[in-house]
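Notes follow once the structure below has been shown.
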Amino acid sequence: MLQRSVTIRRPVGRCHTAPSGVPLAPARASCSHAPPPPPQRSLVARSAADSADGSSLAGPAVAELAEQHSPELPPLGSSSAWSGSFPTATIALRCKGGDTVNASVLTLVGAFGVLRDRLASSSGALPAELDLAEDAAEAWATALWLLEPKAHPGGTPLDWANLEPVLRLAHKYDSAVLRAMCATWLVCLQSQISLAAPLGSPNNLLVVVTLLEHCCPQPELAVYTQPILSNLDRILTMNQSRMGDRPALLAELKCLVTSPDYAALVSPIVQAKVVQALASSLDGVRQCPSCGCLHGFTDYYRSGSFQCAQCGK
């Protein structure tokens with residue numbers, strides 16, 4: 001009995017012949033007779049063809065064309081666009097009092113999210129200056145010097161005098177790298193942070209904790225901020241466990257709490273911790289049964305051998 005053969009033509013590759021009823025094996029991925037892929041037209045050629053056949057030059061082709069060939073402000077999605085278009089471009093930052101600081105465009109775009117969005121939303125060419133009238137020029141000079149010293153040689157190193165304004169710039173303009181640098185600097189100098197420092201001092205423990213809670217709440221910065229935050233909790237909790245340390249601690253807290261700037265410089269969260277420490281110190285206070293005066297804060301009184309300094313009993 002004769003067996004018919006069926007010829008099946010594939011879209012790409014050779015013609016395969018198989019007996020009727022016999023399944024064909026799958027075609028191999030590569031075929032020496034496969035025609036080459038059609039040539040890809042460039043974006044400009046595609047746009048020209050669209051215009052030639054009567055359609056308007058619009059849609060994705062135009063967006064891509066503008067993104068790749070615009071002579072004005074490049075897209076901010078890739079750093080290569082900025083580095084290729086503005087390798088040395090600078091912008092004048094007009095700060096408080098009319099002072100200006102020249103900043104590298106690449107530094108602003110790469111390190112400050114708020115300024116990156118602000119420049120991206122500006123229409124037309126790159127602006128000659130940015131109005132930052134609320135910020136101090138000295139703080140910007142230090143911040144830019146920390147980020148790229150060669151491009152901004154006019155800055156000064158980070159110290160206690162400029163720490164707060166620089167960290168507040170990092171928080172205001174969303175600079176993750178600048179926040180991390182300031183937090184790391186604080187941890188390295190943690191030994192200089194103390195409750196004994198005046199409230200107006202930048203290395204006062206209450207002031208530093210307030211600054212970190214406001215400017216560095218991000219979880220990824222906890223490795224830097226937690227040692228300082230924990231130190232405040234440890235000192236205030238020590239007031240409850242060691243009665244002999246209470247007089248010195250309460251004297252320091254009293255000096256800070258009675259300062260006229262206390263409410264403005266210390267956050268409500270830190271104030272609540274201080275109030276809790278002051279309230280817990282009342283556990284060691286007892287009233288003399290003879291004269292009515294208050295005593296406490298010593299292990300002698302707790303053991304019952306305390307003598308009233310007022311009445312001698």
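Below, the figures for the structure above:
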{"item": "For A272: the one exception among (1) part of a helix (DSSP H, G or I); (2) among the hydrophobic types (A, V, I, L, M, F, W, C); (3) buried (at least 19 other Cβ atoms within 10 Å of the Cβ)", "result": "(3)"}
{"item": "Count - residues of the stretch 113-134 that are in a loop (DSSP other than H, G, I, E, B) and out of contact with any strand residue (DSSP E or B) (no Cβ under 8 Å at 6 or more places or on another chain)", "result": "5"}
{"item": "Boolean, V177 is touching a residue at least 12 places away in the same chain (Cβ under 8 Å), surrounded by fewer than 15 Cβ atoms within 10 Å (Cβ to Cβ), part of a helix (DSSP H, G or I) and not aromatic (F, W, Y)", "result": "yes"}
{"item": "Among residues of the stretch 228-250, those that are modelled with pLDDT of 85 or more and exposed (fewer than 13 other Cβ atoms within 10 Å of the Cβ), counted", "result": "3"}
{"item": "Residue that is nearest to T210 (Cα to Cα), among those in the stretch 251-300 that are of a type in the set (G, A, S) and at pLDDT below 65", "result": "G284"}
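The values are calculated or read from the model by the stated rules, or taken from the named source; none is laboratory data. Since the structure is predicted, the reported quantities are computational estimates derived from the model, not experimental observations. Cβ coordinates were reconstructed from backbone atoms using ideal geometry, including for glycine residues, and neighbour counts include every protein chain displayed.
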